[in-house]
Amino acid sequence: MNALEYAMQANGSFALPDACFKVKALMEEDDSTIEDFANVISVDPSMASRLLQMANSAIYSFSGEIGTISRAITIIGTQAIYNMMLVDVAATAFKHFSSQSIDLKRFWRMSVFCGLATKNLAITAGIRDIERLFVAGLLQNFGELIVAKISPELAKKCEAYNVNILPWQLQQQVLGFTYTEVSAELLKIWQIPEKIILPIRHYNNAQNIEINKDVKVLYLASRLALVECHPETFNYDDNVDAALCQSLHISKDDLEDAANFATIETENILNIMNAKFYG
């Protein structure tokens, strides 16, 4: 199977909910109101509750309390709400997923950390519309869950990475493609905006792409996440590209700040989404 075939099989098991398509459609309509968005989201009270918890987290750094979906939309915008819905969908899709082939807690911790670090580094790099990069960072390795569900024996082989062969290098060797390619294909099927998909599809080639900051930031965040989750095996000096940091005007202190922020807030997000992530 290739990356697209894995994505197509996964889509048959957990298609994007209607609410996401409805919100996306409302975003494309000029006469949509805040009440229109709130009505769509409020149909699922549990989702609405989690979205409010996330809106009040340090991800959005709003000084006052956001108590309603309407208020959340007013303060952080429809795009941010849509992005948070995608996070909720990602967790829901694998609510009852279990596998002996991968460490599920490690997967979610690494994914959430990557999303938070991506957003933090994007601010430093002067990138606009940064909320989408949190989603890109969190969903970039979603393909790992798909491969683990469909081909657990192959996913198990891909877990044997070490200092001599990085995760994405081993995936290419075992599968003929990387987990991020599966992620990008599924998000394309789900009609997720291309500006979220593009950095996911290309970030492992960030050193060869000179014009897109999104790709470079996701590349750096994924390396920080790798070191954070496997400090006994990997370190910053060997895995973070200094020239790439320089091109983004990101210093070593900036990297440390992003890692510290992501470490703290990962715990908060995992607590908010705990029931979803771990079933």
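Overview of results
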{"item": "Lys, Arg +1 and Asp, Glu -1 on Cβ, resulting dipole of the stretch 16-93 about Cα centre, debye, nearest 20", "result": "340 debye"}
{"item": "Whether the stretch 196-249 is rounded, prolate or oblate, judged on the alpha carbon gyration tensor where a/c under 1.5 counts as rounded", "result": "oblate"}
{"item": "Rg(Cα)/(2.2 N^0.38 Å) for the stretch 2-138, N = residue count", "result": "1.12"}
{"item": "Sorted peptide list for 70-76, 221-227, 192-198, criterion being average Cβ within 10 angstrom, highest first", "result": "221-227, 70-76, 192-198"}
{"item": "Electrostatic dipole magnitude of the chain [Cβ: Lys, Arg +1; Asp, Glu -1; Cα centre; debye, to 20]", "result": "480 debye"}
{"item": "Förster-model FRET efficiency, 30 Å R0, Glu194 and Asn268, C-beta, rounded to 0.05", "result": "0.50"}
{"item": "The stretch 175-206 residues near the modelled Ile150 label - backbone nitrogen below 15 Å, point 7 Å along Cα→Cβ", "result": "175-190"}
{"item": "For the chain, convex hull volume per residue from C-alpha positions, Å³", "result": "124 Å³"}
{"item": "Pairwise FRET efficiency - Gln9 versus Glu232, Cβ, R0 = 30 Å, nearest 0.05", "result": "0.30"}
{"item": "Selected from Thr180, Cys158, Thr74, residue furthest toward positive end of dipole (the chain; charges at beta carbon)", "result": "Cys158"}
{"item": "Rounded if a/c under 1.5, otherwise prolate or oblate - the stretch 16-93, Cα gyration tensor axes", "result": "oblate"}
{"item": "Calculated [θ] (222 nm, deg cm²/dmol) that DSSP helices of n ≥ 4 give over the chain, each run adding -39,500 (n - 2.57)", "result": "-20500 deg cm²/dmol"}
{"item": "Dipole magnitude of the stretch 1-158, debye to nearest 20 (Cβ charges: Lys/Arg +1, Asp/Glu -1, about Cα centre)", "result": "840 debye"}
{"item": "Neighbourhood charge, 13 Å Cβ-Cβ cut-off, centred on Ile250 and excluding it, Lys, Arg +1 and Asp, Glu -1", "result": "-1"}
{"item": "Most positive-pole-ward Cα, His249, Leu52, Asn141, against dipole of the chain from beta carbon charges", "result": "Asn141"}
{"item": "Calculated FRET efficiency for the pair Asp129/Asp18, C-beta based, R₀ 22 Å, to 0.05", "result": "0.30"}
{"item": "Formal net charge of residues neighbouring Leu170 (Cβ-Cβ distance under 11 Å; K, R +1; D, E -1)", "result": "0"}
{"item": "Filter on Lys22/Lys216; Lys22/Lys188; Lys119/Lys252 - keep pairs with C-alpha separation over 28 Å", "result": "Lys22/Lys216"}
{"item": "Estimated inter-spin distance, Asn2 and Gln172, nm [label 7 Å along Cα→Cβ]", "result": "1.7 nm"}
{"item": "Gyration tensor (alpha-carbon) shape descriptor, the stretch 98-148, a/c threshold 1.5", "result": "prolate"}
{"item": "Ellipsoid semi-axes in whole angstrom, largest first, where each is sqrt(5λ) of the Cα gyration tensor of the stretch 124-228", "result": "23, 17, 11"}
{"item": "Highest average packing first - 107-116, 127-136, Cβ atoms within 10 Å", "result": "107-116, 127-136"}
{"item": "Under the span-like rule (Cα at least 20 Å along the axis, Kyte-Doolittle mean at least 0.5), DSSP H helices of the chain", "result": "78-93, 213-229"}
{"item": "Packing-based order for 145-151, 250-256, 169-175, using average beta carbon neighbours within 10 Å, highest first", "result": "145-151, 169-175, 250-256"}
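Computed from the coordinates by the stated procedures, all read-outs in this text should not be read as laboratory data. Computed from a prediction, not measured in an experiment: that's the story for all the values here. We place every Cβ from the backbone using ideal geometry, glycine too, and count neighbours over all the protein chains shown.
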